[in-house]
Structures are given as C-alpha cells and as structure tokens.
Amino acid sequence: MSRAQRIDLATWPRREHFEHYRDRGPCTYAITVELDVTRLKGALRETKRKTYIAQLWALASVVNRHSEFRMTLTEDGSPAMWDVAHPAFTVFNPEREIFASVWAPFSTDFDRFHDIAAELLETHRSATTLFPEGEIPANSFDVSSLPWTQFTSFSLQIADGWDHLLPIFTLGRYVEREGRTSLPLAIQMHHAAADGFHIARLVEELQALVGAPDWLRAVSSKPHRPLG
C-alpha cells in the first residue's frame with residue numbers, strides 16, 4: 001500500500017514557489033512536445049510488445065524518478081509525496097465509441113508491467129462503464145491516447161482543479177517526417193508542483209529512454225512484485 005510522505009516545509013527548497021502557485025496565484029500549464037520514437041517503433045516491430053504499453057511504461061519510469069511528479073495534498077492541504085505513482089490509462093471500446101479508465105501497478109521491470117497491462121487492455125476493451133475495476137488509486141497519474149489524430153497543441157480545462165498535483169499526459173498519433181517518426185505528447189502540470197525546468201528534464205529523460213529501447217527485449221523470470 002503506497003503512502004504519501006508529508007514534506008518538511010522547513011527544509012523544502014520549493015516551499016515559497018509551492019505556496020505562491022497553490023494559494024496566491026493558482027496556476028496550471030500545458031506543453032506539447034514531439035518525441036523522436038524512430039528507434040522505439042523499429043524495436044517494437046521485432047518484439048510482440050504493445051506500443052501503447054511501451055509508451056505507458058516509459059512515462060511511468062520517468063515520473064517515478066522525480067518526486068515533483070508524485071505530489072499530492074494531505075487532508076489539511078499540506079504538500080506530500082507518494083512513494084510510487086501508477087499509470088491510469090484509457091481503453092477504447094470501438095463498438096460503443098466510449099473509453100474505460102484502468103490502472104496498472106508500476107514495476108521497474110518492463111516485462112512484468114507489460115504482462116499486467118496487456119491483460120487489462122484485453123479484458124476491458126469491451127467495457128461499458130468508465131471505471132470497470134472500481135476506484136482508481138489516489139497515487140495514479142492519468143494517461144490518455146489519441147492514436148487517431150496528430151496534434152501540435154493540446155490542453156485540458158479542468159474546473160476547480162487546483163488540488164490536482166499529479167501530471168496528466170496525452171499521447172497522439174505518430175508523425176512520419178523525412179524518415180523519422182515522432183510522437184506528440186501533451187503534458188498538463190500544476191505550477192505548484194513543478195516548474196519548466198522539471199518538465200524539460202522529464203522530456204529529456206523520456207527522449208533518452210525511447211531513443212535507446214533495449215528494455216523492450218528484457219525478459220524477467222522472477223515473480224511479479226509491483227511497487228507500492
């Protein structure tokens with residue numbers, strides 16, 4: 001069971017920034033980038049791994065490296081950090097043209113994560129309710145996929161969303177250009193949790209991960225032990 005650890009405000013370098021963007025000037029922002037996924041796409045062709053799950057794992061891996069992307073609020077409104085954040089993601093039902101939202105426990109082992117997520121996609125592709133597994137854990141961050149369209153900008157307008165500190169990701173359709181493949185990625189973030197520097201680092205590390213996809217071929221023989 002994951003726990004949220006209260007942040008020591010006396011020693012936290014971001015205290016002033018958090019209080020400003022949480023209380024005095026509540027502010028969220030959105031940024032859309034293109035990731036070069038040419039090598040990831042090529043590596044996926046050589047495996048039986050699913051593209052969507054590979055994208056989810058890459059996002060979750062970088063999110064869990066940095067505490068600013070695992071922030072939450074305690075009952076009294078104080079900042080805290082989850083020890084692990086799991087991806088909650090959409091599963092589309094093409095017959096009814098609706099989607100369901102499910103989640104998978106994050107594991108640093110891609111093979112383990114892939115098996116669980118693949119079973120969820122198969123099980124719930126005909127789901128008729130929004131949350132077929134019940135309530136999504138509080139320590140889950142949202143990922144949506146729009147594989148039908150390319151975009152250069154995307155933002156969510158969240159009413160009264162000032163308490164939502166976890167990032168929200170939206171994936172788009174591949175863009176083929178001059179022999180390279182790009183993936184549109186939109187990131188929605190609360191300014192109280194992270195600044196532009198932190199988002200830039202996340203994008204840089206995510207690009208490095210999808211640019212060297214050796215992890216796709218890693219196969220685990222150990223029992224599955226998800227985090228949190």
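The values are calculated or read from the model by the stated rules, or taken from the named source; none is laboratory data. What you are looking at is a predicted structure, and each value in this text was computed from that prediction instead of being measured. Neighbour counts run over all protein chains shown; Cβ positions are idealised from the backbone, glycine included. Heads up: the accessible areas ignore ligands, DNA and RNA and are worked out on the full protein's heavy atoms, side chains in. Shrake-Rupley method; radii C 1.70, N 1.55, O 1.52, S 1.80 Å.
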For residue 103 the rounded accessible area (nearest 10 Å², probe 1.4 Å, non-protein molecules ignored) is 70
In whole angstrom, the spacing between the Cα centers of region 56-111 and region 112-171 equals 8
A 1.4 Å probe over the protein heavy atoms gives region 6-150 a carbon and sulfur accessible-area percentage of 48
Measuring from its Cα centre, region 78-193 shows a charge dipole (+1 at each Lys and Arg Cβ, -1 at each Asp and Glu Cβ) which, in debye to the nearest 20, is 400
Nearest 10, in degrees from 0 to 90: the angle of helix 196-211 to the longest Cα principal axis of the chain is 20
Non-local residues with an amide H under 5 Å from the amide H of residue 28, with H modelled 1.01 Å from N and Pro and chain starts lacking one, are 191
Counting only DSSP loop positions in region 27-101, the trypsin sites (Lys or Arg not before Pro) whose Cβ has at most 16 other Cβ atoms within 10 Å are 48, 50, 65, 96
Counting only DSSP beta bridges with both partners in the chain, the antiparallel fraction in percent, to the nearest 5, comes to 80
Once phi for every residue in region 40-54 is put through the Karplus expression 6.51 cos²θ - 1.76 cosθ + 1.60 (θ = phi - 60°), the whole-Hz ³J(HN,Hα) values, with Gly and Pro written as x, are 5, 4, x, 5, 5, 4, 8, 10, 9, 7, 8, 4, 4, 5, 4
Options (i) 45, 35, 30; (ii) 65, 40, 31; (iii) 51, 41, 37 are given for Cα extents along the principal axes in Å, and the computed one is (iii)
Taking GluC sites (Glu not before Pro) in a DSSP loop with at most 13 other Cβ atoms within 10 angstrom as exposed, one finds the longest site-free stretch of the chain at 179-228
Rg from C-alpha atoms of region 6-58, normalised by the globular rule of thumb 2.2 N^0.38 Å, equals 1.96
Cα convex hull volume per residue for region 17-116, in Å³, equals 172
Interchain or sequence-distant (5+) residues whose placed amide H lies within less than 5 Å of the amide H of residue 5 are 81, 82, 83
Rounded to whole Å², per residue accessible area for the chain with a 1.4 Å probe reads 53
Across all Cα atoms of region 80-123, Rg and the largest Cα-Cα distance (Dmax), in Å, are 12.6, 41
Taking a label point 7 Å from the Cα of residue 201 along Cα-to-Cβ, the residues of region 7-24 whose backbone nitrogen sits under 13 Å from it are 13-14
Of the convex hull drawn through the C-alpha atoms of region 69-177, the volume per residue in Å³ is 149
